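Student: Structure provided below as structure tokens; questions to follow.
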Amino acid sequence: MALTEAITIAMKLGDWVNTIWNFHAVINVALLGWVFSKRPEWSLRVRVGITGVYALLMAANLYGQIEAHIELDAVLAEVRALAASTSFKSPALAEMLLHVTGTNYFVLLGRHLVVDAFGIAAIWIHQESETADK
């Protein structure tokens, strides 16, 4: 595989990672918009159901994120290996490609879970505060 091919694949995988994050953002913004604009009065059963569906969507999204990052990290390892055996006219480009880093999975997981926790809290806390006001 040529270095340019590996970089192209890495860029396409990066686009896929961004698409998965966009899905995550859209679901969360839609949930928050729904909860805070409609002010729904949900029973306990409905809240549990919505939480379950939300949790399944977020778990699937996290799984997709992890899988996409595993693939991206493999391609980035190839980019580093190919860059090591390539002569560059630009030292800055060589430095960048030789030191391109992979995914910090703790940050990925943490970021995802924090946003997911806010989503679940919106389902439960907002409902509780609305009920308490009545």
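Student: Check residue 42 against each of (1) touching a residue at least 12 places away in the same chain (Cβ under 8 Å); (2) under 18 Å from residue 122 (Cβ atoms); (3) outside any loop (DSSP other than H, G, I, E, B) and name the one condition it does not meet.
Tutor: So residue 42 meets the others, but not (3).
Student: State which residue is surrounded by the most Cβ atoms within 10 Å (Cβ to Cβ) when the search covers only region 48-93 and only residues that are part of a helix (DSSP H, G or I) and of a type in the set (Val, Ile, Thr). I'd like the intermediate steps shown before the answer.
Tutor: Here is the first cut: in region 48-93, the ones part of a helix (DSSP H, G or I) are 48-84, 91-93.
Of the ones still in play, those that are also of a type in the set (Val, Ile, Thr) are 48, 50-51, 53, 66, 70, 75, 79.
Working: 48: 13, 50: 20, 51: 14, 53: 10, 66: 16, 70: 13, 75: 22, 79: 20.
Out of the qualifying residues, it is 75.
Student: Sticking with this structure for a sec: Taking region 94-129 on its own, how many of its residues are loosely packed, with under 11 Cβ neighbours inside 10 Å and either farther than 30 Å from residue 59 by Cβ or touching a strand residue (DSSP E or B) at 6+ places or on another chain (Cβ under 9 Å) (or both)?
Tutor: Residues in region 94-129 being loosely packed, with under 11 Cβ neighbours inside 10 Å and either farther than 30 Å from residue 59 by Cβ or touching a strand residue (DSSP E or B) at 6+ places or on another chain (Cβ under 9 Å) (or both): 1 in total.
Student: What are the residues in region 4-24 that are within 20 Å of residue 99 (Cα to Cα) and either surrounded by fewer than 17 Cβ atoms within 10 Å (Cβ to Cβ) or touching a strand residue (DSSP E or B) at 6+ places or on another chain (Cβ under 9 Å) (or both), if any?
Tutor: 4, 5, 8, 11, 12, 14
Student: Looking at region 51-71, can you tell me whether even one residue there is more than 21 Å from residue 18 (Cα to Cα) and either touching a residue at least 40 places away in the same chain (Cβ under 8 Å) or not β-branched (Val, Ile, Thr) (or both)? Give the derivation first.
Tutor: First pass over region 51-71, keeping only residues more than 21 Å from residue 18 (Cα to Cα): 51-53.
Filter again for either touching a residue at least 40 places away in the same chain (Cβ under 8 Å) or not β-branched (Val, Ile, Thr) (or both), leaving 51-52.
Yes, there is a match, as at least one residue in region 51-71 is more than 21 Å from residue 18 (Cα to Cα) and either touching a residue at least 40 places away in the same chain (Cβ under 8 Å) or not β-branched (Val, Ile, Thr) (or both).
None of the figures in this text is laboratory data; all of them are computed from the coordinates on show. Keep in mind the model is a prediction, meaning the values are calculated, not measured. Glycine gets a Cβ as well: all are built from the backbone with ideal geometry, and neighbour counts include every protein chain shown.
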